[in-house]
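A short worksheet on the structure shown next.
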Amino acid sequence: MDMLDKKIIQVMQNGFPIVAEPYKELAMEIGISESQLIERIEALQAGGQIRKMGAVIGHYTAGFSANVLCAWVVPYDKMDEIAKSMSKNPAVSHCYDREVTKDWPYNIYTMIHAKTRSECDAIADAIAEENSLDERVMLYSVKEWKKTSMRYFEEEKVAQ
């Protein structure tokens with residue numbers, strides 16, 4: 001990844017301009033052509049450096065005020081299959097695995113968002129039923145702390 005790729009990522013993580021030609025505007029900000037920008041983005045996607053591009057919605061503002069981290073006990077031989085199944089649920093924003101400990105047997109974690117706690121419970125019940133799971137713990141959010149997304153290549157801004 002060269003400095004131009006890093007600059008593209010820096011500019012794109014600031015948000016998409018709400019204009020008729022957003023790529024053209026971003027390209028002008030970087031100092032390259034729109035076609036160059038699109039080619040570089042496609043290359044970054046093909047190389048796996050950019051996995052996805054999409055909107056980030058403020059879930060509280062959108063009405064999703066119930067959020068729960070649900071930790072599951074999933075059989076190791078079915079982890080990939082079940083994690084893929086869980087990830088397909090539109091209420092699940094994150095799904096990842098963790099090592100278990102003697103006192104904490106949970107190895108798959110999902111973040112579930114809904115309008116109410118009872119909706120979160122119903123979603124977790126459905127996930128459990130779909131995947132024949134019977135052991136989980138529900139850890140509800142009580143306060144949101146982080147208000148920003150991850151930022152990449154910020155140190156390069158200082159160095160320029």
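The values are calculated or read from the model by the stated rules, or taken from the named source; none is laboratory data. Worth saying up front: this structure is predicted, and the values here are computed from it rather than measured. As a convention, Cβ positions derive from the backbone with ideal geometry for all residues, glycine included, and neighbour counts pool all protein chains shown. The protein model used for the area step is the full one, side chains on, heavy atoms only, and it has no ligands, DNA or RNA in it. Shrake-Rupley method; radii C 1.70, N 1.55, O 1.52, S 1.80 Å.
Spatially, segment 125-143 and segment 52-115 are offset by 9 Å when compared through their Cα centroids. Helix 117-130 and the long axis of the chain differ in direction by around 80°, with both axes built from C-alpha atoms.
Considering only Leu133, Ile41, Phe153, and ranking their Cα positions along the charge dipole of the chain that arises from unit charges at the beta-carbon of Lys, Arg, Asp and Glu, the one farthest toward the positive end is Phe153. Taking the Cα centre of segment 34-97 as the origin, how large is its charge dipole in debye, to the nearest 20, when only Lys and Arg (+1) and Asp and Glu (-1) carry charge on their Cβ atoms? Using Cβ point charges on Lys, Arg, Asp and Glu, segment 34-97 gives about 160 debye.
Taken about its Cα centre, the chain carries a charge dipole of about 440 debye when Lys and Arg each add +1 at the Cβ and Asp and Glu each add -1 at the Cβ. Split the accessible area of the chain by element, probe 1.4 Å, and carbon with sulfur accounts for 54%. A 1.4 Å probe run over the chain, with the rest of the protein chains in place, finds 68 Å² accessible per residue.
Return the subset of Lys78/Lys143; Lys24/Lys84; Lys115/Lys143 for which the Cα-Cα distance in this structure is over 26 Å, preserving the input order. Please report the intermediate quantities before stating the final value.
Details: Lys78/Lys143 33 Å; Lys24/Lys84 36 Å; Lys115/Lys143 15 Å.
From Lys78/Lys143; Lys24/Lys84; Lys115/Lys143, over 26 Å: Lys78/Lys143; Lys24/Lys84.
Computed on the chain, with alpha-carbon pairs under 8 angstrom and 6+ residues apart, the relative contact order is 24 percent. Output the 0 to 90 degree angle, nearest 10, between the alpha-carbon long axis of helix 3-12 and the longest principal axis computed from the alpha carbons of the chain. Once rounded, the angle reads 60 degrees.
Ordering Pro75, Pro105, Ala62 by Cα displacement along the dipole of segment 61-144 toward the positive end leaves Ala62 in first place; charges were set at the Cβ atoms of Lys, Arg (+1) and Asp, Glu (-1). Helix 34-46 and the long axis of the chain differ in direction by around 30°, with both axes built from C-alpha atoms.
Rounded to the nearest 500 deg cm²/dmol, what is the calculated helix-only ellipticity per residue at 222 nm for the chain, with -39500 (n - 2.57) per DSSP H run of length n ≥ 4? Dividing the helical sum by the residues of the chain leaves -11500 deg cm²/dmol. Using Cβ point charges alone (K and R +1, D and E -1), the dipole size of segment 67-127 about the Cα centre works out to roughly 180 debye.
For the peptides 34-42, 98-106, 68-76, the ranking by mean Cβ contacts within 10 Å, running from highest to lowest, is 68-76, 34-42, 98-106.
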